[in-house]
Structures are given as C-alpha cells and as structure tokens.
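K.L.:
Below you'll find the structure I mean.
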Amino acid sequence: MQFDWRAISGPILTTATALTAFFVDRHVVAVPNPAPLFVCIVAFASSVSGIASGLVSAAIAVASSALFFLNHRALPGYDMSDMARMMMLAATAAGTAAITGLLRQKWIEAFAAEQAHHATSMRLAAALDEVDIGIVLLDSDTRAEFINRAFRDYFALSDAQADSKPPFIALMYHGRDTGAYELPEDELSAFIARRTEMMRSGDSTPININLADGQVLRFSCTALPDGGRMLSYTPVTDLVRHTDDPAQADYLRSLRRGSARSLARHLRAAE
C-alpha cells in the first residue's frame, strides 16, 4: 500500500514546530507564542491534503499552545486571558482548516471538470477531422477557433495558417490568392464581400461554391449563442453535377463559369 506523506506532512510539521519552540524557549532564549505560525501550518496542511489533515494539525497546535502557556506562568494553571487566547486559536485554526480544505476541494473539482471538458473537446475535434464536411468555428470577433482537416484540404490551408486563428476575411482572401474559387478574378471581390456580409449577419441561406478543381461545396452559416459562427462546407459535387456528360466537359465548364459570373453580378446588385 502506498504511503501518503501529504496526509501526515501537516501534523508532523506542526509537532516539529512546537518541539522546536519549546526547546528554544527553555534552553536558548524566550520566544513569543507560536500560534500565528501554527495557523499558517494548518492552512498548508489543508491545502496539501484536505480538511482532515488540517484539523489534526489544528488539534496539535491547540494542545502545544496550551503547554506553551503553562510553561510561561510562575504557578501552574491558566488564567482567563490564557483560556481566551486558546479558544481564539482553536476557532481560528479549525476555521482555517475548514475554509482552506473546502477551497482545495472546489479547486480539485474545477480542475477535474476542466480536464474532462478538454478531453471532450479533443475527442470532438478528432471526430470532426474524420468527416468530409469542412467545419470552421468562429468566435465573436470572427476569428477561427477551430478549422477541421476537410476545410484545410479543400482550400489548401496549411496547419500553421489554420492554427494561427486567422479571421474569416483572411480565409476568404487565402482562397482567392490560391485560386480555389471557380470565378473570374474581377468578380472575386464582390463574392468575398457578399460572403462576409452573410457571415456577419448570421444568414443561414445555403449557397453552392464552385471550386477550381471541379468540386462543389454547399456553404451554410449558423449563428451561435455566444456570438460566434459555425461555417460548414458540405461536398455536393455528385448531387449538382451528376448529369454532366464527360464528352461535353469543356462546354459544361464554360456554362458553369457563365453561371458563376451571373451569380456574382446578382450578388453585387443585391448589395
């Protein structure tokens, strides 16, 4: 069985302090009442091992103080002032043990809850990295707190860039600079402005985003209670382009580019 030194550290330290005070007072020089030092040791014992260790240390402190007062009187016994001081020490030491022990318990519970919350967050993040839906979580300042693996792959976003918590507008410009969108360059600014406006307003209307590599993502924005946003990019390529004839790939691609231009002009008109 493992021996818990923390549980007896407070009582041992209290006893050692009392014996040292007795020895120095009797053989070296008179010392004042060590009651304040006892209270500090009681607080230490409770913070390290809990209320039980603190109360044991408090009991030793009161008993030691009683002997200390007895040795400082010409005649055996105690007067009223001695009794009052010992009662105050007993109340102070016991109260210190109880309060410090309760605070320690609250801290342990809060730490355990934080650890459990962190573990849950890590499992959730790992799970979201396994899905093919791009997920971005924005805080109330529109900075990305979490970007899953699918989004990083769709938009060629490096881990260093994703982990730096970039703002949403920076993600949009990254997609523009890397040529991720299947849009003419002169229409990208209007597209980015409209997407940013939809995100800020919490507009949940889904829209399709055509990527330059032929994929189609359905973008959706969900407003969160804390003022943040959850952005999802669901791959719908097979649903949108399932009727495409490979023999007419160039023709259909030109039609999609034309449709994208019309959409961009519509977005600018709506602004």
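Just so it is clear, none of the values below were taken in a lab; they were calculated from the coordinates. Small disclaimer: the values here were computed from a predicted structure and weren't measured. All Cβ positions, glycine included, derive from the backbone under ideal geometry; neighbour counts span all protein chains shown.
K.L.:
What is the calculated FRET efficiency for residue 114 to residue 177, with r their C-beta to C-beta distance and R₀ = 35 Å, to the nearest 0.05? Before the final figure, lay out each step's value.
P.N.:
On the way: r = 39 Å, r/R0 = 1.10.
So, using R0 = 35 Å, E works out to roughly 0.35.
K.L.:
How do the peptides 156-164, 39-47 rank, highest first, by the average count of neighbouring beta carbon atoms within 10 Å per residue? Write down the numbers at each step before the final one.
P.N.:
Details: 156-164: 13.6, 39-47: 23.3.
Per-residue mean Cβ counts within 10 Å order the peptides as 39-47, 156-164.
K.L.:
Which far-off residues, 5 or more places away or on another chain, put their amide H under 5 Å from the one on residue 148, with H placed in the peptide plane?
P.N.:
Amide H neighbours of residue 148, under 5 Å, 5+ apart: 135.
K.L.:
Next question. Looking at 137, 111, 97, which one has the Cα that reaches farthest to the positive end of the dipole of segment 93-137 (charges on Cβ: Lys, Arg +1; Asp, Glu -1)?
P.N.:
97
K.L.:
Let me ask you something else. List the chymotrypsin sites (Phe, Trp or Tyr not before Pro) within segment 1-41 that DSSP assigns to loop and that have no more than 14 neighbouring Cβ atoms inside 10 Å. Each step should come with its number before you reach the end.
P.N.:
Working: sites: 3, 5, 22, 23, 38; in loops: 3.
Filter output for segment 1-41: 3.
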